[in-house]
Amino acid sequence: MPALDLTLRDAGGRPLAASDVAARLVRPLEPRADRSFVLAAAGEGRLAGTAADVARGAYDLVIEARDGGRLVFRSRDRVVLP
């Protein structure tokens, strides 16, 4: 079960305020294999969570943070799960 531990910070290094953060593993060639992380706030902009039933292979890790409905952070990075 993949685990994710992340800290959101603004350009000045301060914890980023976000009321809604979503993280998911996107399988570019197999959309049915996409999985979402269940995240819990751990203070100071830090979040931690896990995703269940994830197969090995290449994924795009997509993280989006919103505050009051406004997108304040988005990243998309390729990861490989052994």
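The values are calculated or read from the model by the stated rules, or taken from the named source; none is laboratory data. Given the structure is predicted, the values throughout are model-derived calculations rather than measurements. Positions of Cβ are generated from backbone atoms using ideal geometry, with glycine treated the same way; all protein chains shown enter the neighbour counts.
Below are the figures for this structure:
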| read-out | value |
| --- | --- |
| So Ala17, is it surrounded by fewer than 15 Cβ atoms within 10 Å (Cβ to Cβ), more than 10 Å from the chain's Cα centre (by Cα) and part of a loop (DSSP other than H, G, I, E, B) | yes |
| Tally, over the range 50-69, of residues that are assigned to a strand (DSSP E or B), within 13 Å of Asp34 (Cβ to Cβ) and under 11 Å from the mean Cα position of the chain (by Cα) | 3 |
| Unmet requirement for Val72, which otherwise passes all of (1) at pLDDT 95 or above; (2) of a type outside the set (Lys, Arg); (3) over 11 Å from the mean Cα position of the chain (by Cα) | (1) |
| Pairs with Cβ under 7 Å, 6+ apart, first in the range 29-49 and assigned to a loop (DSSP other than H, G, I, E, B), second β-branched (Val, Ile, Thr) | Asp34/Val26; Phe37/Thr50; Gly45/Thr7 |
| Of residues in the range 63-82 being without any contact (Cβ under 8 Å) to a residue 40 or more places away in the chain and hydrophobic (A, V, I, L, M, F, W, C), the one surrounded by the most Cβ atoms within 10 Å (Cβ to Cβ) | Leu71 |
